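Peer 1: What follows is a single structure, and I will ask about it in a moment.
The values are calculated or read from the model by the stated rules, or taken from the named source; none is laboratory data. No experiment lies behind these values; they were computed from the predicted model shown. Virtual Cβ from ideal backbone geometry, glycine too; neighbours counted across all protein chains shown.
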Amino acid sequence: MNNNSIFIPKKIIGEIILHSLENDPNESCGVLQGSGGIVSKFHSLKNIHENPQNRYTIDPVELLNAENNSDNDGEEIIGIFHSHTHTQAYLSETDVKSALTSGYLSQFYIIVSLVEKTRPVLRAYRIGEEGDINEVIVDFDGPKYISR
Ligand SMILES: [Zn+2]
């Protein structure tokens, strides 16, 4: 897998942003299915955290279903997504801690910021075993219209 970029088709970027806006002001979450750094499907999953405006916890049953779906398609979960409804599209300290705790470190972490509702910002990162954060390039089809 190319660790420095993730390809997300524009149609799926649209689905992620729509899901984020629909749950605003709560954070939304989901996972991206695919292989080799190329996303094929977005699974929008329920945020079951008791304080969903500032935190997220992916519904574990829905996560398992998404993992099974990916398996059935011969793919895997390559990205973990959540939105920030009132902060920028950077990983928070909590995000990094929960990634380290959960052990999901081979996945890309995708964040949509809704600070400017009319101009959502999507960024992607990888988290290293030491909790180090590396931003990765988001590639997509068509004109490069997403602001960074
Ligand atoms: Zn976060």
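Peer 1: For the range 107-128, which positions are surrounded by fewer than 13 Cβ atoms within 10 Å (Cβ to Cβ) and either free of Cβ contacts under 8 Å to residues at least 12 places away in the same chain or assigned to a strand (DSSP E or B) (or both)?
Peer 2: Result: Glu116, Thr118.
Peer 1: Sticking with this structure for a sec: Check off (1) of a type in the set (Gly, Ala, Ser); (2) in a strand (DSSP E or B); (3) touching a Gly at 6+ places or on another chain (Cβ under 9 Å) for Ser83 and give me the number that stays unchecked.
Peer 2: (3)
Peer 1: Here is a follow-up. Give me the pairs: first residue in the range 47-61 and within 18 Å of Tyr109 (Cβ to Cβ), second residue hydrophobic (A, V, I, L, M, F, W, C) and within 11 Å of the ligand (Cβ to nearest atom), beta-carbon distance under 6 Å, and six or more apart or on different chains, which are they?
Peer 2: Filtered contacts from the range 47-61: Asn47/Cys29; Tyr56/Cys29; Ile58/Cys29.
Peer 1: Within the range 16-28, identify whether any single residue is acidic (Asp, Glu) and over 24 Å from Ile133 (Cα atoms), and answer yes or no. Break it down into steps so the answer makes sense when it comes.
Peer 2: At the first step, the residues of the range 16-28 found to be acidic (Asp, Glu) are 22, 24, 27.
When the remaining residues are screened for being over 24 Å from Ile133 (Cα atoms), the result is 22, 24.
Yes: one or more hits.
Peer 1: For the subset of the range 47-67 comprising residues that are within 24 Å of Leu21 (Cβ to Cβ) and away from the ligand (no atom under 16 Å from the Cβ), which member is surrounded by the most Cβ atoms within 10 Å (Cβ to Cβ)?
Peer 2: In the first step, residues of the range 47-67 are kept if they are within 24 Å of Leu21 (Cβ to Cβ); the result is 47-59, 62-63, 65-66.
Those left that are additionally away from the ligand (no atom under 16 Å from the Cβ): 59, 62-63, 65-66.
Numbers: Asp59: 15, Glu62: 17, Leu63: 20, Asn65: 13, Ala66: 22.
Going through the qualifying residues, I end up with Ala66.
Peer 1: Being closer than 11 Å to Asp139 by Cβ, part of a helix (DSSP H, G or I) and of a type in the set (Val, Ile, Thr) is the filter here, so list the residues in the range 1-39 that pass it. So that I can check it myself, show each step before the final result.
Peer 2: Let us first name the residues in the range 1-39 that are closer than 11 Å to Asp139 by Cβ, namely 2, 4-10, 13, 37-39.
Add one more test, that the residue is part of a helix (DSSP H, G or I), and what stays is 10, 13.
Scanning the range 1-39 gives a single hit, Ile13.
Peer 1: Can you find a residue that is among the β-branched types (Val, Ile, Thr) and touching a Ser or Thr at 6+ places or on another chain (Cβ under 7 Å) anywhere in the range 91-107? Full working, then the answer.
Peer 2: As a first pass, look at the range 91-107 and keep what is among the β-branched types (Val, Ile, Thr): 94, 96, 101.
Next cut, touching a Ser or Thr at 6+ places or on another chain (Cβ under 7 Å) only: none.
No.
Peer 1: State all residues of the range 40-60 that are within 20 Å of Ala99 (Cα to Cα) and not in a loop (DSSP other than H, G, I, E, B); if no residue qualifies, say none.
Peer 2: Phe42, His43, Ser44, Leu45, Asn47, Ile58, Pro60, listed by residue number.
Peer 1: Still on this structure, please answer the following. Just give me the residues in the range 96-111 being more than 17 Å from Ile6 (Cβ to Cβ) and either modelled with pLDDT of 95 or more or more than 9 Å from the ligand (Cβ to nearest atom) (or both), in sequence order.
Peer 2: Filtering the range 96-111 for residues more than 17 Å from Ile6 (Cβ to Cβ) gives 96-98, 100-103.
Correct list: Val96, Lys97, Leu100, Thr101, Ser102, Gly103.
Peer 1: Does Glu135 meet the test of being outside any loop (DSSP other than H, G, I, E, B), within 16 Å of the ligand (Cβ to nearest atom), surrounded by 14 or more Cβ atoms within 10 Å (Cβ to Cβ) and free of Cβ contacts under 8 Å to residues at least 24 places away in the same chain? Please lay out each step first, then the result.
Peer 2: Working: outside any loop (DSSP other than H, G, I, E, B): yes; within 16 Å of the ligand (Cβ to nearest atom): yes; surrounded by 14 or more Cβ atoms within 10 Å (Cβ to Cβ): yes; free of Cβ contacts under 8 Å to residues at least 24 places away in the same chain: yes.
For Glu135, the condition - outside any loop (DSSP other than H, G, I, E, B), within 16 Å of the ligand (Cβ to nearest atom), surrounded by 14 or more Cβ atoms within 10 Å (Cβ to Cβ) and free of Cβ contacts under 8 Å to residues at least 24 places away in the same chain - is met.
Peer 1: Could you grab me the full set of residues in the range 68-94 that are without any contact (Cβ under 8 Å) to a residue 24 or more places away in the chain and either within 15 Å of the chain's Cα centre (by Cα) or within 16 Å of the ligand (Cβ to nearest atom) (or both)?
Peer 2: Once the filter is applied, which keeps residues that are without any contact (Cβ under 8 Å) to a residue 24 or more places away in the chain and either within 15 Å of the chain's Cα centre (by Cα) or within 16 Å of the ligand (Cβ to nearest atom) (or both), the range 68-94 yields Ser92, Glu93.
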